[in-house]
Amino acid sequence: MKRILLLIVVIGVCCGSLFSQQRYGFVDTEYILNKMPDYKNAQEQLDKVSQQWQNEIETIAADIKTLQAKYRADEVFLSAEMREKREKEIHNKEVKAQKLQQSYFGRNGELYKKRQELMKPIQDDIYEAIKEIAKSGSYGMIIDRANGPTIIYSNAKFDLSDKVLYKLGIRTN
């Protein structure tokens, strides 16, 4: 009986020491990204390209409105053949605008591809820095608190965001 009790105590102590050695930390990737000049530059490039594409689509939309207004004004004077031709022209412009919007801003559009091209290297750098910190600090888990309320409470002493920035060569206040 004493042996069993001693064995239970030894197992309990061993398991307790195993669990107590596990370290946890968290980072705020939004905070890290906002401190990175490369991210700010990439975001500015994306905004600039996005605005150019939006202006291009808005120009086509203005052309469509002009064509529609002209068509309505001239409609009574046009033959059936001319009406059909103008309606087709307006329809083709509308289709072109929709396709252009889809190709620029759609699910796998140019903006998405450009974002991936500019952001992936930055995200990879952050991931590598986090991985190095986790290995060197013997962290069992590092959680990102920027992507939603998955952490109810976090002690600031476990925040590794500034260490990640330091690892990336960015100094904070």
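The values are calculated or read from the model by the stated rules, or taken from the named source; none is laboratory data. Please read these numbers as outputs of a predicted model, since none were measured by experiment. In this analysis, Cβ positions are derived from the backbone assuming ideal geometry, glycine residues included, and neighbour counts consider all displayed protein chains.
Output the number of residues of segment 148-173 satisfying the condition of being small (Gly, Ala, Ser), exposed (fewer than 13 other Cβ atoms within 10 Å of the Cβ) and modelled with pLDDT under 80.
Qualifying residue count for the region: 2.
Can you give me the number of residues within segment 107-120 that are within 20 Å of residue 170 (Cβ to Cβ) and surrounded by 16 or more Cβ atoms within 10 Å (Cβ to Cβ)?
Adding up the residues that qualify gives 2.
I'd like to check something: does segment 50-58 contain any residue that is more than 30 Å from residue 122 (Cα to Cα) and loosely packed, with under 12 Cβ neighbours inside 10 Å?
Looking through segment 50-58, at least one residue is more than 30 Å from residue 122 (Cα to Cα) and loosely packed, with under 12 Cβ neighbours inside 10 Å.
Test residue 99 against the criterion of being in contact with a helix residue (DSSP H, G or I) (Cβ under 7 Å, 6 or more places away or on another chain), surrounded by 10 or more Cβ atoms within 10 Å (Cβ to Cβ) and assigned to a helix (DSSP H, G or I), and give yes or no.
The answer is no for residue 99.
Being surrounded by 14 or more Cβ atoms within 10 Å (Cβ to Cβ) and of a type in the set (A, V, I, L, M) is the filter here, so list the residues in segment 62-77 that pass it.
Within segment 62-77, 64, 67 qualify.
Restrict the check to segment 121-136 and report whether at least one residue is under 18 Å from the mean Cα position of the chain (by Cα), over 18 Å from residue 33 (Cβ atoms) and exposed (fewer than 10 other Cβ atoms within 10 Å of the Cβ).
no
What's the number of the condition residue 145 fails, among (1) within 30 Å of residue 168 (Cα to Cα); (2) surrounded by 14 or more Cβ atoms within 10 Å (Cβ to Cβ); (3) modelled with pLDDT of 90 or more; (4) not β-branched (Val, Ile, Thr)?
Looking at each condition in turn, residue 145 falls short on (3).
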